[in-house]
Number of protein chains: 2
Amino acid sequence: MRDVARRAGVSVATVSRALDGSSTVAEETALLVQNAVEALDFVPNISARTLKYGQSRALGVIIPDLSNPFFFEFLREFEALASANEQVVLLANAETSTGGPRSSVRQMLMRLVDGVVVMPSIDELEPYQLLTLRKVPTVAIDSRRVGPYFSDVSLMHEEGMLQAVGCLKELGHRRIAFIAGSEGLFISSIRLEAFRSALRKHLIPERAGYIRAGNYRVDGGDREMRALLELRDRPTAVIAINDMTALGALRAARAASVSVPGDVSVIGFDGIELDEVVSPTLTTISVSRAHMAKSCHTALKELQTARHHEGRQFQVPVELVRRQSTGPARRLRKAVL
Amino acid sequence: MRDVARRAGVSVATVSRALDGSSTVAEETALLVQNAVEALDFVPNISARTLKYGQSRALGVIIPDLSNPFFFEFLREFEALASANEQVVLLANAETSTGGPRSSVRQMLMRLVDGVVVMPSIDELEPYQLLTLRKVPTVAIDSRRVGPYFSDVSLMHEEGMLQAVGCLKELGHRRIAFIAGSEGLFISSIRLEAFRSALRKHLIPERAGYIRAGNYRVDGGDREMRALLELRDRPTAVIAINDMTALGALRAARAASVSVPGDVSVIGFDGIELDEVVSPTLTTISVSRAHMAKSCHTALKELQTARHHEGRQFQVPVELVRRQSTGPARRLRKAVL
DNA sequence: CTGAAAGCGCTTACAG
DNA sequence: CTGAAAGCGCTTACAG
């Protein structure tokens, strides 16, 4: 910057103001600076500004180590929003990072990020309080809590499950099972509760052994689907906590020569791009990643200016997308024939 | 830091030295500082250090906007390495970022990253020269070039294609097609050349219309597979430039009621996790993401200390993984029967 | 082994 | 409209 100033024949203060844009600089001076900047290919040093401002124009994203395409798809959207705002995305993986979530949080603090998106389960939410204590705007997915410097972006699981169960009911299904996530995880229990509540609203009884604990991954879905298929009163439909689990369920059905949707219908949750690649294509409760990313970004921005920096809840709509993995229940089909 | 110094009853210089670890500090002084740090929950401000050092302990990753799980899987591995080195990952998407690659590069420069991984096609390599000019260690995947501050991590396409074609030949295939990436992209032409060279080495003729231009995505693979299946002398085997393309090819075959591997064999490239989820599971030329991430990380480290900061080439081995999508060629099968 | 001081590159009241 | 100067939080030769 000193070089630029020298070349333009002005002071560094003037250069700074000229680059800032909002400050008052004579037009010809600005031009002089502009030329010098281009001639020297000047790139400002952000850390100097950060040191001054206490803000780095960087946003952190802390993602759990689930090998889930959904997160990548979210990340893509979020990065686009950040870069449109001249912000950069700092990535940290809560699990694989040496030191776990605490070290991720520490990195975010050391770098004075302008905000952090956390995609954890509630069990792990505690380490992130360090962020809000230090007044770093933080938004968590599906934490269902708000507070100072802390907002929540929640998916509308209830509506999604209601639609899914409703759709199955229409197709004649009464024996509907659910493959949840790992036991004890909060998100898992939210979706499970949403499922149960949907059953109740549709007056469908919950059956013994119909609620299974998966692990959000393909292998968990595969394993639990096998178990379900071995039940005496085998379900005619299965809803999975996410698409990866549902894909595992499809695989298990294939391996057991159980036809989908002929013998059993399957519904996932997320709406990842793969759903349309597998066969049968997967019916799913689809979440708009763009909407989710937008909510997260807005939430972080709002927290900076909100009164008392108090957070609020954002709702992300979901939508049942019907594809090949759902069809009429066996019994109904026979009746029709 | 001033607070810590005050509380510990020492100067900030001493605090800095105590935290540094390598400097000489009396043991009891160090303890005093340690206590103060803990009492105040002190988190150092990295930008101050960056300002001083000119290094930020951040690594940039610039990824093209391909909706390809392979990149995420790579990113995961790379992030783990970075965080084990107390480095953070700065993510930029070359395409979606407003301003394209140039603005991504600018962000990296402004933030004084210690190195950058670029995963582009050669067409786009030029903007990244700004990095090496400014002495930022840069490593590109499959660029096949090296230079000052510039290393290359190349996959061993030739070996992979040789194995793939060899495997198909053994199974009796002679009519082998290839679905490439977008025309004009360098990576696409590397893999295509590797395929052609493999054909030559195995004395298999290349047929008209057997080389197709896809787009690295499912829809491109789908589209080109349909075209291939409509040929009069339909191929008995298809190799795709990457797994997403191969998955598209599988879908097209399914839609056309063409059996895989009964009527046609399919081989992908990458080895993404999904290959084992689809049906039939996908035979692929698998690339170790861990190895690739390790090479990139090492390359960046090396460039800082190398003589004249001259880059070099790293080779990442690949390996054919046989799964369900490959089988004996029709003709051979008949002969056997 | 420790402290005072300079300096990294920027921004911004404060004068003029 | 512009310049000189202080200061952001850290590190590190330089004395002691």
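In this structure, does B:ARG144 turn out to be over 18 Å from the mean Cα position of the chain (by Cα) and open to solvent by 30 Å² or more (accessible area, probe 1.4 Å)? The answer is no for B:ARG144. Would you check if B:SER182 is free of Cβ contacts under 8 Å to residues at least 12 places away in the same chain and within 27 Å of B:LEU131 (Cβ to Cβ)? For B:SER182, the condition - free of Cβ contacts under 8 Å to residues at least 12 places away in the same chain and within 27 Å of B:LEU131 (Cβ to Cβ) - is not met. Determine whether A:LEU90 is at the interface with another protein chain (Cβ under 9 Å from one of its Cβ atoms) and at pLDDT 90 or above. Yes; evaluated as a whole, the condition is true for this residue.
Name the residues in the range A:147-161 that are hydrophobic (A, V, I, L, M, F, W, C) and open to solvent by less than 10 Å² (accessible area, probe 1.4 Å), would you?
Looking only at the range A:147-161, we keep the residues that are hydrophobic (A, V, I, L, M, F, W, C), and these are A:150, A:153, A:155-156, A:161.
Of everything in the range A:147-161, those that are hydrophobic (A, V, I, L, M, F, W, C) and open to solvent by less than 10 Å² (accessible area, probe 1.4 Å) turn out to be A:VAL153, A:LEU155, A:MET161.
In the condition set (1) assigned to a loop (DSSP other than H, G, I, E, B); (2) at pLDDT below 95, B:LEU203 is compliant with all but (2). Residue pairs whose Cβ atoms lie under 8 Å apart, sitting 6 or more positions apart in sequence or on different chains, and linking a residue in the range B:49-64 that is closer than 28 Å to B:GLU95 by Cα and of a type in the set (Lys, Arg) to a partner that is open to solvent by less than 20 Å² (accessible area, probe 1.4 Å) and within 12 Å of DNA strand D (Cβ to nearest atom), are B:ARG57/B:ILE46; B:ARG57/B:THR50. Filtering the range A:306-316 for residues that are touching a Ser or Thr at 6+ places or on another chain (Cβ under 8 Å) and in a loop (DSSP other than H, G, I, E, B) leaves a non-empty set.
How many residues, within the range B:302-311, are over 21 Å from B:SER288 (Cβ atoms) and open to solvent by less than 80 Å² (accessible area, probe 1.4 Å)?
Qualifying residue count, the range B:302-311: 5.
Rundown of residues vs (1) touching a residue at least 60 places away in the same chain (Cβ under 8 Å); (2) open to solvent by less than 20 Å² (accessible area, probe 1.4 Å), yes/no style:
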position: B:VAL277; (1), (2): no, yes
position: B:SER288; (1), (2): no, no
position: B:HIS291; (1), (2): no, no
position: B:GLN313; (1), (2): yes, no
position: B:VAL316; (1), (2): yes, yes
position: B:GLU319; (1), (2): yes, no
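Looking only at residues of the range B:34-62 that are assigned to a loop (DSSP other than H, G, I, E, B) and farther than 29 Å from B:LYS294 by Cα, we find that the one that is farthest from DNA strand C (Cβ to nearest atom) is B:ASP41. Determine which member of the set A:SER104, A:SER47 is among the hydroxyl-bearing types (Ser, Thr, Tyr) and in contact with a strand residue (DSSP E or B) (Cβ under 8 Å, 6 or more places away or on another chain). Exactly one of A:SER104, A:SER47 is among the hydroxyl-bearing types (Ser, Thr, Tyr) and in contact with a strand residue (DSSP E or B) (Cβ under 8 Å, 6 or more places away or on another chain), namely A:SER104.
Put simply, of A:ALA194, A:ALA177, A:ALA164, A:ALA198 the only residue that is crowded, with 21+ Cβ neighbours inside 10 Å, in contact with a His (Cβ under 7 Å, 6 or more places away or on another chain) and assigned by TED's automatic domain parsing to the domain that holds A:THR326 is A:ALA194. Restricting attention to the range A:4-48, the residues that are of a type outside the set (S, T, N, Q), within 14 Å of chain B (Cβ to nearest Cβ) and either away from DNA strand D (no atom under 11 Å from the Cβ) or crowded, with 17+ Cβ neighbours inside 10 Å (or both) add up to 9.
The residue of the range A:64-81 that is surrounded by the most Cβ atoms within 10 Å (Cβ to Cβ), among those that are within 9 Å of another protein chain (Cβ to nearest Cβ) and either assigned to a strand (DSSP E or B) or aliphatic (A, V, I, L, M) (or both), is A:LEU75. In the range A:251-263, of all residues being within 29 Å of the chain's Cα centre (by Cα) and free of Cβ contacts under 8 Å to residues at least 40 places away in the same chain, the one that is most open to solvent (accessible area, probe 1.4 Å) corresponds to A:ARG251. Among the residues making up the range A:119-141, a single one is over 16 Å from the mean Cα position of the chain (by Cα), within 20 Å of A:THR50 (Cα to Cα) and more than 14 Å from chain B (Cβ to nearest Cβ): A:PRO137. A:ALA82: within 22 Å of B:LEU130 (Cβ to Cβ) and among the small types (Gly, Ala, Ser), yes or no? Taking the combined requirement at face value, the residue satisfies it. For the range A:15-26, check the following and say yes or no: at least one residue is in a strand (DSSP E or B) and over 21 Å from B:PRO101 (Cα atoms). Checked the range A:15-26: no residue is in a strand (DSSP E or B) and over 21 Å from B:PRO101 (Cα atoms). One residue stands out among those in the range B:99-118 that are assigned to a helix (DSSP H, G or I), more than 8 Å from every other protein chain (Cβ to nearest Cβ) and not small (Gly, Ala, Ser): the one that is surrounded by the most Cβ atoms within 10 Å (Cβ to Cβ), which is B:MET108.
Within the range A:90-102, residues that are small (Gly, Ala, Ser) have Cβ atoms under 7 Å from residues that are at pLDDT below 70 and open to solvent by less than 30 Å² (accessible area, probe 1.4 Å) in these pairs: A:ALA94/A:PRO120, counting only partners at least 6 apart in sequence or on another chain.
Looking across the range A:36-59, the residues that are under 16 Å from A:ARG17 (Cβ atoms) and more than 32 Å from the chain's Cα centre (by Cα) come down to A:ALA36, A:VAL37, A:PHE42, A:PRO44, A:ALA48, A:LYS52.
Of everything in the range A:201-210 that is touching a helix residue (DSSP H, G or I) at 6+ places or on another chain (Cβ under 7 Å) and open to solvent by 20 Å² or more (accessible area, probe 1.4 Å), the residue that is nearest to A:ASP263 (Cα to Cα) is A:GLU206. Checked against (1) surrounded by fewer than 21 Cβ atoms within 10 Å (Cβ to Cβ); (2) over 21 Å from B:VAL136 (Cα atoms), B:LYS52 meets all criteria but (2).
The values are calculated or read from the model by the stated rules, or taken from the named source; none is laboratory data. Computed from a predicted model, the values in this text were never measured in an experiment. Every residue, glycine as well, gets a Cβ built from its backbone with ideal geometry; the counts of neighbours run over all protein chains shown. Quick note on the areas: whole protein, heavy atoms, side chains included, nothing else; ligands and nucleic acids left out. Shrake-Rupley method; radii C 1.70, N 1.55, O 1.52, S 1.80 Å.
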